[in-house]
Amino acid sequence: MTDQTKTDERPAGPDGGTTTADQVVFDGIHKWYGDSPAVHDFNLAVAKGEFVTLLGPSGSGKTTNLRILAGLESATAGEVYLAGRAVTDDVPEKRNIGLVFQNYALFPHMTVAQNIAFPLRMRRMKKPEAQREIDRVLTMTQLTEYKDRYPRQLSGGQQQRVALARAFVFDPSVLLMDEPLGALDRNLRDHMRLELKNLQQRIGATVLYVTHDQDEALALSDRIGVMHRGVLQQTAPPDELYEKPVNSFVAKFLGQSICLPATRVDADGRHVTVEVEGLAGRVLVDKDNCSADTTGEFMIRPERIRIAADKPDAAERNAVACTVAAHVYLGPQIEVHLRTAEGAEMQVVVPAEARAQYGTGSSHWLSWTPGDCRFLARVV
């Protein structure tokens, strides 16, 4: 149960405090199912017109938070605010929230226009006004010519647009989307995420989106929150999240990364020296790229590594000898997998036309600067 004496004042948020522009605030949300915690101390503020994605593996708590905001689940503790008003104890229909699910949940016996009209009918909107809103979203989603068709007569992408139109038609304060592109094939998914982002920007909708697909999250989001075991690990714009992950879980879950167990050895004014399991010698890391932990993980993105036949000069500061274990053809590129003499596995990406240089068993040097790598807290 929530504290009924709490006011509607907006709480301080995890991103440095909230403002009057915040459309959604989660304040200290906890959710337990029996003895199992699903969400632990979840704090997030979403600004009006912002597209925020919760990214994480199955069971990480991202959909639970979405359902708590929608009123489909109750929080064990904490408060939810919409436009500054506490709604934690409100029933779903009082929250003015639009929902789009993976299976679209269209009514098979209703036409496109009738599906879109359904939320307006539930709100008892007068017919002339309702028709204006239906026509508006039909035009917006390019569905006017399909308005008399039934869901079975539509493609997957068209059905997805109907679900979006139905969610937009009553002008919700927030739109919640739970894996809405998951049922589409890859080409259609790529196309629809462009349409979805353009539509969101055109109408200025506030969106909280849930997915486990990192490409979707990177392409669509103003900010991404990475979740793991019910805990929000980091929230940041996509480029910051990719370039500056706060721990090893975020680094591994978002994009390709090489992560190896490591121990802090020494530090000076600019660099931290770490010993990395499987790499000969010690590695220098820029001090600003280092966790304060004594033990953690060395991390570098494959595109940050340079590969050469000869040992690089001292300016690179970090270099290891490797042999090619395998390579994977990726069309315009190949992913070369290498192994050090001490047993560490690393990979780099090179142009496909250079594949002849990287035959299995061939020897190469890998190098990078202290600013290319990070020493991260270990989260498993």
Expressed in angstrom and rounded, the centroid-to-centroid distance over alpha carbons for the range 337-380 and the range 109-188 is 48
With bins of 10 Å, the percent of all Cα-Cα pairs of the range 276-339 per bin from 0 is 15, 46, 30, 9, 0
Square roots of five times the C-alpha gyration tensor eigenvalues of the range 256-380, ordered largest first and given in whole Å, equal 26, 14, 13
Mean accessible area per residue over the range 128-245 (1.4 angstrom probe, all protein chains present, square angstrom) is 44
The size of the Cβ-based charge dipole (Lys, Arg +1; Asp, Glu -1) of the chain about the Cα centre, to the nearest 20 debye, is 1300
One finds the C-alpha centres of the range 73-107 and the range 210-271 to be spaced, in Å, by 28
For Val39, the residues 5 or more places away or on another chain with a placed amide H closer than 5 Å to its own amide H are Lys31
Expressed as a percent, the accessible surface of the chain that is carbon or sulfur, using a 1.4 Å probe and the full set of protein chains, is 48
The answer for the net charge of residues other than Val137 whose Cβ lies under 15 angstrom from its Cβ, with Lys and Arg +1 and Asp and Glu -1, is +2
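Given Cα pairs under 8 Å that are at least 6 residues apart, what percent is the relative contact order of the chain?
Details: 800 pairs, mean separation 55.5, N = 380.
Dividing the mean separation by the residue count of the chain yields 15 percent.
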Counting only protein heavy atoms and leaving out ligands, DNA and RNA, the solvent-accessible surface of Trp32 at a 1.4 Å probe, in Å² to the nearest 10, equals 120
The answer for the range 276-333, accessible area per residue at 1.4 Å probe in Å², is 55
So, for the Cα atoms of the range 39-132, Rg and Dmax in Å stand at 16.0, 47
Two pseudo-spin positions, 7 Å from Cα along C-beta at Asp239 and at Ala321, lie apart in nanometres by 4.0
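Taking a ≥ b ≥ c as the square roots of the eigenvalues of the Cα gyration tensor of the range 70-216, is the shape rounded (a/c under 1.5), prolate (a/b larger than b/c) or oblate? Kindly include the intermediate steps, with their values, before the conclusion.
On the way: a/c = 1.80, a/b = 1.19, b/c = 1.51.
It comes out oblate by the Cα gyration axes.
Return the percentage of antiparallel bridges among DSSP beta bridges fully within the range 143-261, rounded to the nearest 5 %. Don't skip to the end; give the middle numbers.
Values: 5 of 9 bridges.
Among the beta bridges of the range 143-261, antiparallel pairing accounts for roughly 55 percent.
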In the chain the DSSP beta bridges are antiparallel at a rate, in percent to nearest 5, of 75
Flagged as over-length at 28 Å C-alpha distance, from Lys31/Lys94; Lys126/Lys197; Lys197/Lys252; Lys62/Lys127; Lys62/Lys94, the pairs are Lys126/Lys197; Lys62/Lys127
The range 49-88: relative contact order from alpha carbon pairs under 8 Å, six or more residues apart, as a whole percent, is 23
Relative contact order in percent for the range 31-74 (Cα pairs under 8 Å, 6+ apart) equals 33
Once phi for every residue in the range 276-293 is put through the Karplus expression 6.51 cos²θ - 1.76 cosθ + 1.60 (θ = phi - 60°), the whole-Hz ³J(HN,Hα) values, with Gly and Pro written as x, are 10, 4, x, 10, 6, x, 10, 10, 9, 10, 4, 4, 5, 9, 10, 5, 7, 5
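What is the sum of charges around Ile300, taking Lys and Arg as +1, Asp and Glu as -1, for the other residues whose C-beta is under 10 Å from the C-beta of Ile300? Don't jump to the answer; show the numbers that get you there.
Working: positive: Arg301, Arg304, Arg374; negative: Glu303, Asp372.
Here the count lands on +1.
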Log10 I(q)/I(0) at q = 0.12, 0.21, 0.25 Å⁻¹ for the range 115-178, from Debye over equal alpha-carbon scatterers, is -0.28, -0.84, -1.13
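Looking at the P(r) of the chain, how many percent of alpha-carbon pairs lie beyond 34 Å? If you can, show how the numbers build up before the last one.
Numbers: 29891 of 72010 pairs.
When every Cα pair of the chain is considered, 42 percent fall beyond 34 Å.
The values are calculated or read from the model by the stated rules, or taken from the named source; none is laboratory data. What you see is a predicted model, and the numbers here were worked out from it, not measured in a lab. Backbone-built Cβ (ideal geometry, glycine too); neighbour counts: all protein chains shown. Side chains are part of the model used for accessible areas, which takes the heavy atoms of the whole protein and leaves out ligands, DNA and RNA. Shrake-Rupley method; radii C 1.70, N 1.55, O 1.52, S 1.80 Å.
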